[in-house]
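First up is the structure itself, then whatever we jot down about it.
Derivation of every value follows stated rules applied to the coordinates shown; laboratory data play no part. None of the values given here were measured: they were computed from a predicted structure. A quick note on method: Cβ atoms are made from the backbone with ideal geometry, for glycine too, and the neighbour counts reach across all protein chains shown.
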């Protein structure tokens with residue numbers, strides 16, 4: 001896995017970086033591991049004072065950064081066009097995504113060099129091969145297979 005210093009995550013301020021480092025979280029890989037589930041994000045939020053929603057945003061950014069060729073600028077550009085998770089990236093059409101990124105970048109100037117459609121294809125293919133690391137529901141909230149709703153014994 002490609003790992004970067006947490007200073008590469010857009011949106012983390014200096015105090016948050018200092019707090020995370022004091023907890024031993026210095027890399028994107030470590031932050032992803034420490035914030036991969038709702039329970040873990042609650043625990044981390046209690047320790048560091050960063051709310052769970054922000055921690056999820058940062059964990060998703062870290063997850064994107066596992067993709068080869070994906071730097072923080074491209075993560076921000078993907079978020080701008082509504083691709084917040086690696087799971088979402090897997091299902092995007094490269095030509096539509098490349099076009100949306102070009103339009104968003106024209107308005108906001110997030111990156112100097114737009115990714116080519118060929119690079120976007122590689123990101124999507126890589127995203128499909130990556131194991132999913134982030135869960136969005138607690139185990140108790142996740143649907144259980146084999147049980148029907150409303151038919152509890």
Fill in the blank from the handout: Computed over segment 46-105, the relative contact order (Cα-Cα under 8 Å, seq sep at least six) in percent reads 31
Problem - Distance (nanometres) between label positions extended 7 Å along Cα→Cβ at residue 109 and residue 42 - result: 4.4
Exercise for the section: Using only alpha carbon pairs under 8 Å that are at least six residues apart, calculate the relative contact order of segment 1-145 and give it in whole percent. Expected result: 26
Problem - For segment 1-59 versus segment 73-110, the gap between their alpha-carbon centres in whole angstrom - result: 23
Completion exercise
Taking 0.36 nm per residue of separation between residue 117 and residue 91 and subtracting their Cα-Cα distance, the length gained on full extension comes to 7.9 nm
Practice task
Consider the candidate values [x] 31, 18, 16; [y] 28, 23, 13; [z] 33, 24, 11; state which one is semi-axes √(5λ) of the Cα gyration tensor in Å computed from the structure displayed.
Solution key: [y]
